[in-house]
Structures are given as C-alpha cells and as structure tokens.
Protein chains: 2
Amino acid sequence: VTIVGLGLIGGSIALAARQRAGATVTGFDPDQGAGAAAQARGALDHLAASLAEAVGDAQVALLAAPVDALPGLVAEVLDLAGPDCVVSDVGSVKRAIVAANPDPRFVGGHPLAGAETAGIEQARPDLFVGATWYLTPVARTEGILYERLHRLLRSLGARPAAIDAETHDRLLAVVSHLPHVLANVLVAQAAGALGGGDERLPATGPSFRDATRVAGAPSSIWTSIYLGNRDVLVGEIDRAIERLGEIRATLAAGEPGAVSAWNDCAARDRRRLLEAGLAGGEHDALHELRASVPNRPGVVAQLALELGRAGVNIVDMALYPAPDMSEGVIALWIAGAEAAEQAQRLIAGLGFPVASA
Amino acid sequence: VTIVGLGLIGGSIALAARQRAGATVTGFDPDQGAGAAAQARGALDHLAASLAEAVGDAQVALLAAPVDALPGLVAEVLDLAGPDCVVSDVGSVKRAIVAANPDPRFVGGHPLAGAETAGIEQARPDLFVGATWYLTPVARTEGILYERLHRLLRSLGARPAAIDAETHDRLLAVVSHLPHVLANVLVAQAAGALGGGDERLPATGPSFRDATRVAGAPSSIWTSIYLGNRDVLVGEIDRAIERLGEIRATLAAGEPGAVSAWNDCAARDRRRLLEAGLAGGEHDALHELRASVPNRPGVVAQLALELGRAGVNIVDMALYPAPDMSEGVIALWIAGAEAAEQAQRLIAGLGFPVASA
C-alpha cells in the first residue's frame, strides 16, 4: 500500500494499514518534513524519495491532498502505476476527479472522518473505525480492483459505501459545505453589527457559539472544497436565500400561526435528520437530557464516571457555561430510551436537576 | 418581592431571592399547577391566588411570561402596584414593552440565562450567578427604584448592565434570533435535499449538528420572540441574504484568492467575537485543544478528572464522536495560555494525542 500525502488523513491511513491490516506501507509527501514526521510516528515501512519510487509496484495507492490538487495527482499516479494497482483518493468533492480520470484502476473515495484538523500529530490508526467511507465506482471500474480496495478499507475499520459522485456532492453540499458558509456569514454579520472598534460581543449563551463553531475552517483545505463543489453549493445557497426570503415574508406578515408552523416543522426535521444521521440505522434513537450543574473542575468527571460505571455511554455532550463559567447546563445525548432513563435516574441521584429535553 | 410566572426563569428568581437575597417572596402563576410546583420546590414564602393579591404592597415585582404577553401584563401590574414598587420583566425583546409602559416605576429587563429550557423542574437559585442581566432604564425611570432593582439583581448573583432597548434588540437579533432562523433553514434544506421518504442523512461529523442544535426551539417561547423583534430581525435576514449573494458571486467567479480572503476574514471575526464574548474582559483569552480519544464510558471522566485535579477548569467542551460512536475528538476550551499548556501536557501524559487548534 502506498500513501501519498502524510497529514492527518494520509498518516492515519498509513498507521491503520500497518497496524490493523498488516500491510506493508510506503509513504511519500512532497514536504520532506511531513514525510519524516510520519516515519517518526511509525506510520511507514518505507519513506519514498519520489512519487515514482512511492508508486513502484504498489497494489493500492491512496492519495491525500487538497481537492484542487487531486485530479492531476491521480492522473500522474495512474501513469506511474502498473496495470494491477488500484488508485483512490480521499477528497471531499468527487465529480471532477471522477470525470477527469476515466481509468478502470481509479475509484474515487471520501472517508467521513477527521477532516477538520490537519497534521500527522493528530493521526491515529483507529480514525476510520466505524466511519462511512464513500466510494464512487463507475461502470468501467475493474471489479477485482474495487473489491481489493473495499477489503482494505474494511480492514482499516471503515464502512465502505458506494455512491455516485453526483449524489455525494449534493449530499455533502447540504450537510457540510453550506453549514460552513452560513457559519462564516454569521460571524461576519455579528462583527459588522458590533462595528470595528473595541465593542465586545455580549455574553450570548450557546446558540451563537454552536452556530459559528466551524466558521473560518482552514482555507488551505476549505477553499478548494468550496470551489470544487461550487456549482452545487451555489444552488444550495440560492435555495437558502429563497428560504430566508420566505421566512422573512412570514415574519413581516406577522402571523403567529405561520411562524409557529415554520418553527415546529424545523423541530420535526431536526429530530428526524439527527436521529437518522447519528444512529445510522444501527443504533437506538438518541435521547437528550439536560442537567444543571456547577461548572467546577471535576463535575463533568463525576457525572461521566457515574454513567460510565453503569455502562451508559454518552454519545454526545455539550456544556453550556454561565457567562462567568461558574456553572451551567450539560446536554447529554444517550442512545436508547432505557439507557436514557437510567442516565436520568443516576444524574438525579447525584443531586443535579435533570430533565429530558 | 413578587414573582409573576413560575417557570424556569421565574422559579429561579424566586429561589435566588429567598436563598441568596434573603427576601420574602410571593409568587403567582395563572397555571395553578405551576404555582403549586414552585411552592413544593420551596421557592415561595407565599403563593398568591390572584394577580392583585400577589402585587399587594410588593417593593419589587418581576414578571416572567412570553414576550407577546408581557406589555399587557406590565400595564396590569403597574395599575395594581403602589407608588413605591419597581416593576420589571425578563423578556428577550425590549422595545415594545418599554414603549408601551412609560411609567417611572417600570424598568425593562432581560437576564441572559436559561432561556432554552422551560419549567420549574430546571429552576435553581444560582442560575443567574455571573450572568449579564440587561436593564433598559429611560430618562423618566425613578432613580431610587432603579437602584433597588439593581441591588436585588446583584444579590441574585447577576451582573446588571444598562442598555437602551434599541441596542439590546439589535444585538440579540444578530447573536441569538438570526442564528435560530439559520438553523431552522438548514434543517429544512437538508430535509428537502433528502426527500420525504426513508432516505437517511449520512454520517456527517459535527458541523451539521453544531449548526442545527438550536433548530426548532420551543414555539411557545420563540414565536413571540421572532415576532417581537421582527423589524430588526427582518433587517438582519436581509443582510444575511446580501452576504450569501456576495459569497455566491465570489464562488461563481471561481477565484481562489477571493474565497480564501472571505474565509480567513471569518476565522479572524470568530476568534475576536468569541474571545470577547466568552471572556467578557474579565478572563484570559480562550485556547482550544483537540484530543483524540476512544469514546468509551469513562474516558471523558478520566480526562476531566486529570485536569480537575490540577485545578484546570474546562470552560467549554465538545465531543465529536466517530459515526459508530466508538471514538472521537474532544475539543476543549481553556482560559489562559498557561492553563492551556498545562492541560495539553496533562492530556498527553494520559497517552492521548493532543494538539492546540
């Protein structure tokens, strides 16, 4: 297995391929420092000095690079690779790279894991355990090579899922690319509302922080994602503008029933989408609990320990501190009604007010 | 002190006024069950049977009700109250109520705490400790009464801050009301993109969940907030549409430099806004750490305990599970560079890969 590009994703693939799949891994990165760091982390059997050396007679070549660099890199690797080498990539946008490389040896790929951080320091062999790993085979794809790639991804712990490139890019536009755009708009708007000077944002509670957590994600990764999916993303932005225009008109008309109906619909959509998305059909529905706690060191620990001892796993949690950070509300998401009830009893037993949300 | 409306906010004021301020508290709620529950929680010295009985000869009357019900309720209470009673409210929108009640005894108010959940069950006496509590005095406000209200809020643990109603409504529109609208738009759009059937949202990582956490907040509270601030909110929606149109044009033009510049600007805005907002000028700048951990019961506890033992407080945290929930990344926000460095050392000492983000 050859890995080209040894950042978070490439480095994690290398670690997983060696440790979980037992493969012999060769790595290459045009940045020599990144290559050396990957070697120091024990991610490689061999660090190649050139792309040609890296590809050599590899059976699988996985390419991790910014979205705009990938189509050319794939073509280069296909030129270097033998007839029995399957070539894949990890880019967040899939149509252009698939269209540019009509080769039976190429299968586009996209693991849904770890895209936000960058660098070999965060790499780990279990990054892909349980993660959906989209693959975009086409009619011309060589079956044997696809099966080999699929098997490798399973052995990394991932869940390979075939999807066509168009559907992939449409889905990712709405669940990832558009949320990033809206977060950017929101921080720009807040900054504009406050003026440029020393004026400070007031204590705002969690909604603003949650809504803007992904604002300004690294341009080194995101500029080419935005541009790589720009036609679909522009369409989603147009639809978002349309929806904003609709609620604008509803608000301007001032009819409470219409506003409530719009808001209730959002509540239903959110429940349906997040239960489906998080649970993925393989887990129980998520239940949200809200506990009021003092926000001192140790209290999250106490709560998590209590649930941990009882074998109740916290699927997701969010801590909303009071403005002086001295106390707050912990929201917990627990999979399954029974586990959620148990968690609620345990938390109440610790003396914290808790309610299911 | 008289409290009218005994849900989360009113109930917490009652508890705090009794336990922290040593006041004698009378309560009233048109819902007899809510009143009885507040009494059972020990929040009241006296449960009144009518609004007139509740107001009686109170020195302070605090009114907690949905935004659209408040202006009329304030007027009613002002009619019932004596000349030496200060009347205030806790509504999230301030212009209408201030304009409707030009009485020297009325001061509009809005505590930034706990607005998301509802019900006496979640009430607690320390809900307002450290919380900004906006007050909207006007030229005609009686100084002695304002000072009395201010003193009471301090004794509840809050930080009263005078603001004019226009500025208040403009700020809240951008940091709270618009984020709620965008979250609603996003879930509606995702639901639309998936179609109505059985199609499931793919595993999406944290960006979609963060962006939609406040989608569909309770209509019983939010419809009247949206409508109460609708002129300002409509203006903010218009500006959001304008900004979306701008980035749409930038994307369509396809210039990477312009996209990166837009995105980098969002990164700078976010840092400035959230450091200001969370730190509030009274704390150190926040530092973000990201640790990779297995997502099993106890691991959050272990990490939080380790930091807790060292006296490092976690200001905010977010857990990003892998799609199968078996592992993930914990993002931690720590106040102060020194504390953040210490936290990073401690987490690394536990064997988890950790980097400052």
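Would you be able to say whether some residue in the range A:183-200 is facing chain B (nearest Cβ under 7 Å), more than 19 Å from B:Gly245 (Cα to Cα) and either open to solvent by 10 Å² or more (accessible area, probe 1.4 Å) or modelled with pLDDT under 85 (or both)? Explain how you work it out, then say what you get.
Initially, the range A:183-200 is screened for residues facing chain B (nearest Cβ under 7 Å), giving A:183-191, A:193, A:200.
Imposing the further condition that a residue be more than 19 Å from B:Gly245 (Cα to Cα) reduces the set to A:200.
Restricting the remaining residues to those that are either open to solvent by 10 Å² or more (accessible area, probe 1.4 Å) or modelled with pLDDT under 85 (or both) gives A:200.
The answer is yes, given that some residue of the range A:183-200 is facing chain B (nearest Cβ under 7 Å), more than 19 Å from B:Gly245 (Cα to Cα) and either open to solvent by 10 Å² or more (accessible area, probe 1.4 Å) or modelled with pLDDT under 85 (or both).
Considering only residues that are assigned to a helix (DSSP H, G or I) and more than 8 Å from chain A (Cβ to nearest Cβ), which ones fall in the range B:118-132? Walk me through it before giving the result.
First, pick out the residues of the range B:118-132 that are assigned to a helix (DSSP H, G or I): B:120-122.
B:Ile120 - this is the single residue of the range B:118-132 that is assigned to a helix (DSSP H, G or I) and more than 8 Å from chain A (Cβ to nearest Cβ).
Any residue in the range B:331-357 that is at negative phi sitting within a Cβ distance under 6 Å of a residue that is of a type in the set (S, T, N, Q) and assigned to a helix (DSSP H, G or I)? List the pairs, counting only those 6 or more apart or interchain.
These pairs meet every condition: B:Pro353/A:Gln122; B:Val354/B:Gln344; B:Ala355/A:Gln122.
Could you tell me which residue of the range A:1-49 is farthest from A:Pro218 (Cα to Cα), considering only residues that are of a type in the set (S, T, N, Q) and surrounded by fewer than 24 Cβ atoms within 10 Å (Cβ to Cβ)?
Initial filter on the range A:1-49 (of a type in the set (S, T, N, Q)): A:2, A:12, A:19, A:24, A:26, A:32, A:39.
Restricting the remaining residues to those that are surrounded by fewer than 24 Cβ atoms within 10 Å (Cβ to Cβ) gives A:19, A:24, A:26, A:32, A:39.
Details: A:Gln19: 30, A:Thr24: 32, A:Thr26: 28, A:Gln32: 22, A:Gln39: 25 Å.
Applying the filter and picking the extreme gives A:Thr24.
May I ask you to verify whether A:Gly130 is touching a Ser or Thr at 6+ places or on another chain (Cβ under 7 Å) and either modelled with pLDDT under 95 or under 21 Å from A:Ser176 (Cβ atoms) (or both)?
Details: touching a Ser or Thr at 6+ places or on another chain (Cβ under 7 Å): yes; either modelled with pLDDT under 95 or under 21 Å from A:Ser176 (Cβ atoms) (or both): yes.
In short, yes.
Which condition breaks for B:Asp284 when tested against (1) modelled with pLDDT of 75 or more; (2) open to solvent by 50 Å² or more (accessible area, probe 1.4 Å); (3) not in a helix (DSSP H, G or I)?
Among (1) modelled with pLDDT of 75 or more; (2) open to solvent by 50 Å² or more (accessible area, probe 1.4 Å); (3) not in a helix (DSSP H, G or I), the lone unmet condition for B:Asp284 is (1).
Sort out which residues of the range B:291-305 are at pLDDT 65 or above and open to solvent by 20 Å² or more (accessible area, probe 1.4 Å), and write them in order of number.
Answer for the range B:291-305, where residues must be at pLDDT 65 or above and open to solvent by 20 Å² or more (accessible area, probe 1.4 Å): B:Pro294, B:Gln302, B:Leu305.
All but one of (1) more than 26 Å from B:Val93 (Cα to Cα); (2) facing chain A (nearest Cβ under 7 Å); (3) touching a residue at least 12 places away in the same chain (Cβ under 8 Å) hold for B:Thr250; which doesn't?
(2)
Quick one: which residue in B:Ala37, B:Ala54 is in contact with a Ser or Thr (Cβ under 9 Å, 6 or more places away or on another chain) and over 22 Å from B:Arg159 (Cα atoms)? Lay out the reasoning, then the answer.
Working: B:Ala37 fails: in contact with a Ser or Thr (Cβ under 9 Å, 6 or more places away or on another chain).
Testing whether each residue is in contact with a Ser or Thr (Cβ under 9 Å, 6 or more places away or on another chain) and over 22 Å from B:Arg159 (Cα atoms) leaves just B:Ala54.
Please state which one of A:Val55, A:Val67, A:Val86 is buried (at least 21 other Cβ atoms within 10 Å of the Cβ) and modelled with pLDDT under 95.
Exactly one of A:Val55, A:Val67, A:Val86 is buried (at least 21 other Cβ atoms within 10 Å of the Cβ) and modelled with pLDDT under 95, namely A:Val67.
Of everything in the range B:147-165 that's in contact with a Ser or Thr (Cβ under 7 Å, 6 or more places away or on another chain) and in a loop (DSSP other than H, G, I, E, B), which residue is farthest from B:Ala100 (Cα to Cα)? Show your work before the answer.
First pass over the range B:147-165, keeping only residues in contact with a Ser or Thr (Cβ under 7 Å, 6 or more places away or on another chain): B:149, B:159, B:161, B:163-165.
Filter once more, keeping what is in a loop (DSSP other than H, G, I, E, B): B:163-164.
Numbers: B:Ile163: 17, B:Asp164: 15 Å.
Across the range B:147-165, the extreme among qualifying residues is B:Ile163.
Could we say that A:His168 is crowded, with 21+ Cβ neighbours inside 10 Å, out of contact with any helix residue (DSSP H, G or I) (no Cβ under 6 Å at 6 or more places or on another chain) and in a strand (DSSP E or B) here?
Working: crowded, with 21+ Cβ neighbours inside 10 Å: yes; out of contact with any helix residue (DSSP H, G or I) (no Cβ under 6 Å at 6 or more places or on another chain): yes; in a strand (DSSP E or B): no.
For A:His168, the condition - crowded, with 21+ Cβ neighbours inside 10 Å, out of contact with any helix residue (DSSP H, G or I) (no Cβ under 6 Å at 6 or more places or on another chain) and in a strand (DSSP E or B) - is not met.
The values are calculated or read from the model by the stated rules, or taken from the named source; none is laboratory data. For clarity, every value in this text was computed on a predicted model and none was experimentally measured. FYI the Cβ positions are ideal-geometry reconstructions off the backbone, even for glycines, and counts take in every protein chain you see. To get the accessible areas, we keep the full protein, side chains included, count just its heavy atoms, and leave off ligands, DNA and RNA. Shrake-Rupley method; radii C 1.70, N 1.55, O 1.52, S 1.80 Å.
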